[in-house]
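A short reminder: the numbers here are calculations on the coordinates, not readings from a lab. Computed from a predicted structure; not experimentally measured. Glycine gets a Cβ as well: all are built from the backbone with ideal geometry, and neighbour counts include every protein chain shown.
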Number of protein chains: 2
Amino acid sequence: MGQNLIFTDDIMATIGQIEAQGGHRLTVWIADENTASLVPATHVITIPAGDDSKTLHTVTGIWDAMERLGVTRRSLVVNLGGGMVTDLGGFAAATFKRGVRFVNVPTTLLGAVDAAVGGKTGFNYNGLKNEIGAFAPASDVILSTRFFDSLPLTEMKSGFAEVLKHAMLSSREEFLRLLNHDFTAPIDHKDLMERLRRAVQVKVDIVARDPKEQGEREALNLGHTVGHALESLSMKRGKSVPHGYAVAWGLVAEAVLSHLKFRFPSEDVHRLGAFVRDNYPGFPFTCDDYDDLLELMRHDKKSRNGEITCTLLSEVGAYRIGQAVSSDDMTAALDILRDHLGL
Amino acid sequence: MGQNLIFTDDIMATIGQIEAQGGHRLTVWIADENTASLVPATHVITIPAGDDSKTLHTVTGIWDAMERLGVTRRSLVVNLGGGMVTDLGGFAAATFKRGVRFVNVPTTLLGAVDAAVGGKTGFNYNGLKNEIGAFAPASDVILSTRFFDSLPLTEMKSGFAEVLKHAMLSSREEFLRLLNHDFTAPIDHKDLMERLRRAVQVKVDIVARDPKEQGEREALNLGHTVGHALESLSMKRGKSVPHGYAVAWGLVAEAVLSHLKFRFPSEDVHRLGAFVRDNYPGFPFTCDDYDDLLELMRHDKKSRNGEITCTLLSEVGAYRIGQAVSSDDMTAALDILRDHLGL
């Protein structure tokens, strides 16, 4: 499951080195409608953008294009785009002729810190997110902040929530540094690259110990039991919120639960709550939604025997996976979350 | 890539142990129309038999059935059937929710010695054999000869050719023992289980050193450069031959090439030729077919830069992968093959 992480802004030179070292005669890029124009190469498979296109139909389109382009097991595939492109392109490459080497070049902060690294690939099926897929690591992940200048602020914030999550799993120093982040300032690329490097390393270390999510990898679910439920409900109601916003709210709720159950310091709950209140506005739920939210949490992929299950913290950096949470505790945490957000 | 090999006739007790040790609450069997009646369990996904059904359409049918049956990552899948069932069921299980544990129970000798072991899964796509797939090992392979009593003789011989191939890659003693095999005698289950055990171990040892076919695993291609070409041409002409028959003929041709290029003992070529002549009748080609056969060999998956490539032997047990073979040498070998077969 070893993945080579390369932090550089010189994408083409790096791809050139990979081609030369691997003796690849043919390189095919997979991009979506938004990122295809960034590809400085001839063989490009362009797929429709957006999670609605993360389907088997798009995968078969990629396989067909690979046939036409003459892709063999000795070819190289480069996925250039956000999480949808790296998830789907990774699956298509990993299954074509039982596996063509592929490299991920994430173009969003969320993709860089989450989807592009760690080997999860797949697509949505029968209305279920990432229902079909494979654990298949990109051989290399090229991480650059140069794409982020053109990201909408909402996208940057969405990715930043996952950066924050990784800090909460690993380092109070980093956690406090991130809480000082100012989204209104221009991007400091050097600093952002360093934050990215640290966040990605947290994921890599955890995945290395549990590549197929049989235990510890579940730590990366911090904030996501509540976050996924909020995201799903917002989608059902036709007023979807960005993934990272839901995660940010989920991090606050699960920090509250961590305080209730494992004495996670209230000081850190408050700092986190204030940062999320200031930067992730728009929480669209009331106490009338709790029943629906709890029901969604009971059906989460990570839930066991229909119980609500969370990753919780005893302090920043000290996580406890698979913690059962009662409906009463979850209801209390959602109330306190709303207080933190000033609702 | 570790696979647990279990040689036993008590399939259900073994599955019961696997369920108990793994804490699996739900076990779903995948079988084809021929093997479904052998399943002593309630949750069975039955797929159409035959290589024509080895398609993406059949895979999506399995995924849909898994959804309906409530399969989760903690469930167990058991593939019961020949190579088509273990290849296809293995792929469906390996990709459902990014991977459900699966066990293979091959019901044919060919499946037992070849497809069920070693982690190759997949399906045919756009008319290409096993074009889409994954390297995904069954956690356990349960090997029993009890299913073989009802196999047609042609099927037994077909599987036996792969057993013979594995002996040629590993042991002259075993090779000579196999050449004394009498297909007209009733099955000696104890002896057959021992032959199967040895043959499977050869594959397991090679696969362990090269799970993703980046080098040594190509040794398992012995007999298959010529064999695949004969099989493909017979299929195109609408008079298909069993896979193992084509492999048996291919083993003779490649033993001849091994003699020409690496002094593989002519004594062993003759012994092998006589056994194949006596037991694998029906070779349906003449020298008029050579051009077509050579063209097929140049387009074999294992060919490099359009050259014909074979695994050859300097003696039984000593293989050399990726040997380029000239058209003249191949033509000579096909002539000598026809001599051996008495044509």
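Observations
- Direction-averaged projected area, Cα convex hull, segment B:263-343: 5.8 nm², rounded to one decimal.
- Comparing B:291, B:268, B:114 in a Gaussian network model of chain B, where Cα atoms under 10 Å apart are tied by springs, the biggest mean-square fluctuation is seen for B:291.
- Rounded if a/c under 1.5, otherwise prolate or oblate - segment A:195-324, Cα gyration tensor axes: rounded
- Eigen-decomposition of the gyration tensor built on the alpha-carbon atoms of segment B:33-114 gives equivalent ellipsoid semi-axes of 19, 14, 13 angstrom, largest listed first.
- Partner lysines for residue B:261 [C-alpha distance under 21 Å; skip if fewer than 8 residues away on the same chain]: B:165, B:302
- Distance from the A-onto-B rotation axis is smallest for the Cβ of the chain A residue given, in whole Å, as A:134, 3.
- Å³ per residue enclosed by the Cα convex hull of the protein assembly as shown: 152
- The string of couplings for segment A:333-338 from the Karplus curve (6.51, -1.76, 1.60, θ = phi - 60°) is 5, 5, 4, 5, 4, 5 Hz, one whole number per residue in order, with x for Gly and Pro.
- log10 of Debye I(q)/I(0), alpha-carbon scatterers only, for chain B at 0.11, 0.13 Å⁻¹: -0.71, -0.98
- Rounded to 5, the percent of DSSP beta bridges in the protein assembly as shown classed as antiparallel: 40
- Packing, taken as the mean count of other beta carbons within 10 Å per residue, orders the peptides A:221-229, A:31-39 from highest to lowest as A:221-229, A:31-39.
- Gyration tensor verdict on segment B:1-155 (Cα atoms; rounded if a/c is under 1.5, prolate if a/b is larger than b/c, oblate otherwise): rounded
- Springs join every pair of Cα atoms under 10 Å in this Gaussian network model of chain A, and among A:49, A:94, A:255 the largest mean-square fluctuation is at A:49.
- Simple Cβ-charge dipole of chain A, Lys/Arg +1 and Asp/Glu -1, about Cα centre, in debye nearest 20: 1060
- Measuring between their Cα centroids, segment A:54-89 and segment B:33-66 lie 28 Å from each other.
- For segment A:133-191 versus segment A:295-334, the gap between their alpha-carbon centres in whole angstrom: 25
- The amide H of residue A:5, built 1.01 Å from its N in the peptide plane, has A:141 as neighbours under 5 Å, considering only residues 5 or more places off or on other chains.
- Checking the cross-link pairs A:212/B:301; A:120/A:203; B:212/B:301; A:97/A:203 against a 21 Å limit on the alpha carbon distance flags A:212/B:301; A:97/A:203 as lying beyond it.
- For residue B:32, the residues 5 or more places off, or on other chains, whose built amide H falls under 5 Å of its own are B:47.
- Placing a label point 7 Å from Cα along the Cα-to-Cβ axis, residue B:48 is separated from the same position in the other copies by 2.9 nm, shortest listed first.
- Beta bridges assigned by DSSP with both partners in chain A are antiparallel in approximately 35 percent of cases.
- Acute angle (nearest 10 degrees) that the helix B:56-69 long axis makes with the longest principal axis of chain B, alpha-carbon atoms: 20
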